[in-house]
Amino acid sequence: MRHQSKQPKIGLLIAIILLVNAIFPVSAKASRNGIERPQNNFTIGFTFKVNGVSDLCSGALISPTFIATAAHCVTGYDSKRHTDFIFTPPATKLDAPINSVTQPKVLKLTIPEGYFKTESSEVNDIAFIQLDKPLATKGFIQIATDVEVSTILENAALKGYGFGAVYETGETYSLVAREYGLNWSKPKADSTQIFQLSSKNSVACSGDSGGPITFTPSSGPEVLVGVLHGAAFVSNRCGTTAPDGLYYMQVSLISSFLPLINEELKKSFQLPTPTPTATAKPKIYKITCLKGKTKKYLTGANPKCPIGYKQTAKSLISK
C-alpha cells in the first residue's frame, strides 16, 4: 500500500484478504512482537472460506453465543457471505481437533448499514456473529461503555489480541492467542466509530483482523474497546512503520454499534437450565408370610419371605 500523504494511510486488512495466490492463501499473520497468551479467555480464532480459499480472522467472545469481529471477516463488499466457518473456543489451540457434533453454526450475522459501499471504505467495518449454540459458558469480556471510553487518557496503554502467522518466525499461524501493545489516541471530533492507535514496537497483521482491542481501567477488569480492522503501510501482510517511526492501526469502536444487538445479546446470557430427569420412585409392597401359626409382615419394593415362611398375601401400599 502506498503512502500518499503526511498522515499514515490506513490499509484495510480486507485488501490483503482479497489477494489470493497459491503461495500465500489469504491466511493471516499475527502481531509483530506479540506475546503468547494461551489462557486468554475471550479471544477466539476462526477460519472460513472466501471463494473457496481458506482464510483466518480473530474475534472477541462477548457472550456464550456472540462474537464481535470485523465485517470483512464475514462478508465481502458484494454482501456475499463467507462460508465454512469453524470457531476455536477461548484458550483452545487453533489446530485442536474439530468435533463436528459440537461445532456451533452461524445463526445470524449483524453488520451495520453503510458497510457495503466500495472496497476502499473503512466505515462500519464491524460485525456480530450469533451462533446457534454456546462457544463457551464463561470467560466473556465485558464491553466498555461510552463513559469508560471517554476516560481513557491520551497515549494510555491498550492491548490488541489475535491469531495468525507469527511475523518473527514465519509460522503459518499462531496456535494460541497473542497479545500486542498499543497506545490510545482519542477519536477525531468528526468520528465516534473509528479511531487510530499507535505503537512503538508492535503492530497487527492480516489475521488479527476482528481481534479485540482492550483497556484495563484502574477501577476494574479488562474491557473491550473495539475490534481491529486495519494497519498502516501494509507490506508482506503486516503493518510497517510510518515516517515518524510508529506503527499505526485502525479500530472500530464497539459501543457505537451495540444497539444493533442489545436485546439479543442480553438473551444470550440466559442459557437454558437443563431440566433434571425425574427419578421414578419404586412401588412399595406389603406381604404376609406364614410359618405354622406365626405371621410376619414385610414391606419394600421387592419383599421376600424368610426361608421356611410361605407368602400368603401381597398388597401395594405406595406408588
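Looking at S58, S54, just one residue is at pLDDT 85 or above, among the polar types (S, T, N, Q) and more than 18 Å from the chain's Cα centre (by Cα), and that residue is S54.
For segment 230-240, the count of residues that are open to solvent by 30 Å² or more (accessible area, probe 1.4 Å), within 30 Å of L153 (Cβ to Cβ), out of contact with any Lys or Arg (no Cβ under 6 Å at 6 or more places or on another chain) and at pLDDT below 85 is at least one. Taking segment 43-97 and the strands (runs of 3 or more DSSP E) fully enclosed by it, the elements with 2 or more residues that are open to solvent by less than 10 Å² (accessible area, probe 1.4 Å) and in contact (Cβ under 8 Å) with a residue 24 or more places away in the chain are at 43-50, 53-61, 66-69. Just checking, does segment 250-266 include any residue being among the aromatic types (F, W, Y) and part of a loop (DSSP other than H, G, I, E, B)? The answer is no, given that none of the residues of segment 250-266 is among the aromatic types (F, W, Y) and part of a loop (DSSP other than H, G, I, E, B).
I'd like the full set of residues that are out of contact with any helix residue (DSSP H, G or I) (no Cβ under 7 Å at 6 or more places or on another chain) and either open to solvent by 10 Å² or more (accessible area, probe 1.4 Å) or more than 25 Å from N41 (Cα to Cα) (or both), limited to segment 198-229. S198, K200, N201, F215, T216, S218, S219, G220, P221, E222, listed by residue number.
Per-residue answers, yes or no, for (1) farther than 18 Å from P212 by Cβ; (2) at pLDDT 90 or above; (3) out of contact with any helix residue (DSSP H, G or I) (no Cβ under 8 Å at 6 or more places or on another chain):
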site: N40; (1), (2), (3): no, yes, yes
site: T65; (1), (2), (3): no, yes, no
site: H72; (1), (2), (3): no, yes, no
site: K80; (1), (2), (3): yes, no, yes
site: A96; (1), (2), (3): yes, no, yes
site: S100; (1), (2), (3): yes, no, yes
site: V106; (1), (2), (3): yes, yes, yes
site: I126; (1), (2), (3): no, yes, no
site: A144; (1), (2), (3): no, yes, no
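Among the residues of segment 133-171, those identified as under 15 Å from N33 (Cα atoms), open to solvent by 60 Å² or more (accessible area, probe 1.4 Å) and without any contact (Cβ under 8 Å) to a residue 60 or more places away in the chain are T169, E171.
Scanning segment 188-196 turns up no residue that is open to solvent by less than 10 Å² (accessible area, probe 1.4 Å), at negative phi and at pLDDT 90 or above.
The values are calculated or read from the model by the stated rules, or taken from the named source; none is laboratory data. None of the values given here were measured: they were computed from a predicted structure. For neighbour counting, all protein chains shown are included, and Cβ atoms are generated from backbone atoms with ideal geometry for every residue, glycine included. Side chains are part of the model used for accessible areas, which takes the heavy atoms of the whole protein and leaves out ligands, DNA and RNA. Shrake-Rupley method; radii C 1.70, N 1.55, O 1.52, S 1.80 Å.
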